[in-house]
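Here the structure comes first, spelled out in structure tokens, and everything after it is commentary.
The values are calculated or read from the model by the stated rules, or taken from the named source; none is laboratory data. Only a predicted model underlies this, so the values are computations on that prediction, with no experimental measurement involved. Cβ placement follows ideal geometry from the backbone for every residue including glycine, while neighbour counts extend to all protein chains displayed.
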Amino acid sequence: MKILLILPQGAIYRKSGSFKKSLRYAPVALTTLAGLVPQELNAEIRIVDEGVEELDFNTEADLVGITAITGSAPRAYHIAQRFRARGVPVVMGGVHATLMPGEAAKYVDTVVTGFAEESWPRLLRDFKQNKMERLYTQSPHLSLANLPIARRDLLKKEAYITTNSMQATRGCINNCDFCVIPVAWGRRMYFRPVEEVVKEAAELPGKALLFVDPSPIENVEYAKSLFRALIPLKKKWVGLATTKITKDPELLDLATKSGCKGLLIGFESVTQETLRLANKRFNSVNDYSEMVKKLHARGIAIMGCFVFGFDNDDKDVFQRTVEFVDRIRIDLPRYAVLTPFPGTPLYKKLKSEGRILKDNRWSLFDAQHVVFKPAKMTPEELQEGHYWAWRQSYTAGSIFKRLAGSRCLLQVLVPANVGYREYARALPGYTEEVLTEGTWIDVNEPVGGLEGRL
Ligand code: SF4
């Protein structure tokens, strides 16, 4: 059996786009799915990440599996249509199919919702016996114990800054108003046994690790035991965490001792009232500067994420945020436009207020394009302000100001800053026309809407 696993990418992130190798780590979904293919099927598996290679629509396959986020869903539907036209059945999973299974079912043969550890092997065995069903849902008894190791051997290794991406946990217990994670997977976390995570980490080549978990520290006891167990490996790792990491001195010390060298943190806004409205009350703007100092003092670099377009944001928000980022010295700032992903509380609110301008135009739901009517500025002002903030934070002067005197991960941060500088310059070129090229767009039949939920 020949299985082709595809990670579709929106135009910006495709190989031909503007996202450089210095910013690109190996994705975990496809290698995890490849690892889960039952041995007895003797399958020949190929992985194509459109971020690093062109997809050949004539690739031989008995079954195609696609995983997509909302922004890449129309590309996924286009790919599905091309393979199905050749008689190759297509399965789709991932966050968008989980949020919108009814919509996905219109474009593919089979939809997989939720985490696929149990359902994907079952689907493959059914396929082998010609009895593949239309929908596979997450097992209510999902366990992350005894998982097979991800098939990193199938990746184009040279195309990524690291292929040592891994996961210890899944999900998040928080409920930020704009986030798809609690909507798609519920407000809960799943944990791999610490000894299995550490065994996998120990077996990976080299010293670097990348944890892609949304925030493993939400369960403090689990995170502490994981960090303790990582210390003897003497590896260096980067990962994601909420601002809570600096509130527990023991947790922060253990993270440091375990080799933490960089964290992606969602600061989201420099206005406390905005954080309250977004249901991210545990972030405290007054603490941001001190937090950054604490992390820098431990040699931990910060990729800080900020969002524009909250109802409280006026036209000054861009300048205030950029100045704040420079002042507190965020090593690698990343800006997003507030995006009402389907199913989120934010989507429901904006939909009920008639403020979603580009509903169903999922290619634009990439967190870099305005798809709704903001409260205190026009959509054009929000879009232009967003582009301006990106450009401004990646001027040579701003990069120098933020990194001067830093002793954190400079060998990674300098090329990453240069990579984002190019990205910032290229972003305005990704118009609606460019973003929707090579995607499934039928203007008479918009793809989706919440009625697409099963
Ligand atoms: S803390 Fe992060 S992952 Fe968790 S709900 Fe909020 S934005 Fe999502």
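In table form, for the structure just shown:
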quantity	calculated
Test for Asp248: is it touching a helix residue (DSSP H, G or I) at 6+ places or on another chain (Cβ under 9 Å), modelled with pLDDT of 95 or more, surrounded by fewer than 17 Cβ atoms within 10 Å (Cβ to Cβ) and among the acidic types (Asp, Glu)	yes
Selected residue [small (Gly, Ala, Ser) and within 18 Å of Val212 (Cβ to Cβ)] from Ala11, Ala34, Ala61	Ala34
Which listed residue, of Ile66, Ile47, is among the hydrophobic types (A, V, I, L, M, F, W, C), under 20 Å from the mean Cα position of the chain (by Cα) and farther than 21 Å from Lys131 by Cα	Ile47
Residue within the stretch 341-350 that is modelled with pLDDT under 95 and among the small types (Gly, Ala, Ser) present	yes
For Asp213: the one exception among (1) farther than 17 Å from Ala301 by Cα; (2) touching an Asp or Glu at 6+ places or on another chain (Cβ under 9 Å); (3) within 14 Å of the ligand (Cβ to nearest atom)	(2)
Some residue of the stretch 174-185 being more than 20 Å from the chain's Cα centre (by Cα) and either at pLDDT below 95 or of a type in the set (A, V, I, L, M) (or both)	no
Any hit, the stretch 221-229, residues being within 25 Å of Tyr190 (Cα to Cα), hydroxyl-bearing (Ser, Thr, Tyr) and at pLDDT 95 or above	yes
Single residue of Ala11, Ala26, Ala76 found to be touching a residue at least 24 places away in the same chain (Cβ under 8 Å), within 14 Å of the chain's Cα centre (by Cα) and buried (at least 22 other Cβ atoms within 10 Å of the Cβ)	Ala26
Residues that are without any contact (Cβ under 8 Å) to a residue 60 or more places away in the chain and closer than 14 Å to Cys305 by Cα, drawn from the stretch 323-381	Phe324, Ile328, Tyr335, Ala336, Val337
Helices (runs of 4 or more DSSP H) completely within the stretch 362-439 that count 1 or more residues being at pLDDT below 95 and more than 25 Å from Thr70 (Cβ to Cβ)	396-403, 410-426
Single residue of the stretch 176-186 satisfying the filter (part of a loop (DSSP other than H, G, I, E, B) and near the ligand (Cβ under 8 Å from one of its atoms)) that is farthest from Ser143 (Cα to Cα)	Phe178
Residue within the stretch 164-175 that is of a type in the set (Val, Ile, Thr), away from the ligand (no atom under 16 Å from the Cβ) and in contact (Cβ under 8 Å) with a residue 12 or more places away in the chain present	no
Selection within the stretch 176-202 - of a type in the set (D, E, K, R) and in contact (Cβ under 8 Å) with a residue 12 or more places away in the chain	Asp177, Arg187, Arg188, Arg192, Glu195, Glu196, Glu200
Ala241 being at pLDDT 95 or above, away from the ligand (no atom under 14 Å from the Cβ), under 30 Å from Asp153 (Cβ atoms) and of a type outside the set (Lys, Arg)	no
Meets criteria (in the same structural domain as Lys348 (by TED's automatic domain parsing), away from the ligand (no atom under 11 Å from the Cβ) and on the phi < 0 side of the Ramachandran plot) for Arg192	yes
Strands (runs of 3 or more DSSP E) lying entirely in the stretch 246-360 (those with 3 or more residues that are touching a Pro at 6+ places or on another chain (Cβ under 9 Å) and within 16 Å of the ligand (Cβ to nearest atom))	301-308
In the stretch 317-349, residue farthest from the chain's Cα centre (by Cα) [restricted to those that are under 21 Å from Ser363 (Cα atoms) and hydroxyl-bearing (Ser, Thr, Tyr)]	Tyr347
Every residue from the stretch 201-224 that is part of a helix (DSSP H, G or I) and either surrounded by fewer than 16 Cβ atoms within 10 Å (Cβ to Cβ) or among the hydrophobic types (A, V, I, L, M, F, W, C) (or both)	Ala201, Ala202, Glu203, Ile217, Val220, Glu221, Ala223
The stretch 118-138 residues that are under 20 Å from Ala104 (Cα atoms), paired with ones that are surrounded by fewer than 18 Cβ atoms within 10 Å (Cβ to Cβ) and of a type in the set (Val, Ile, Thr) (beta carbon under 9 Å, 6 or more apart)	Ser119/Thr137
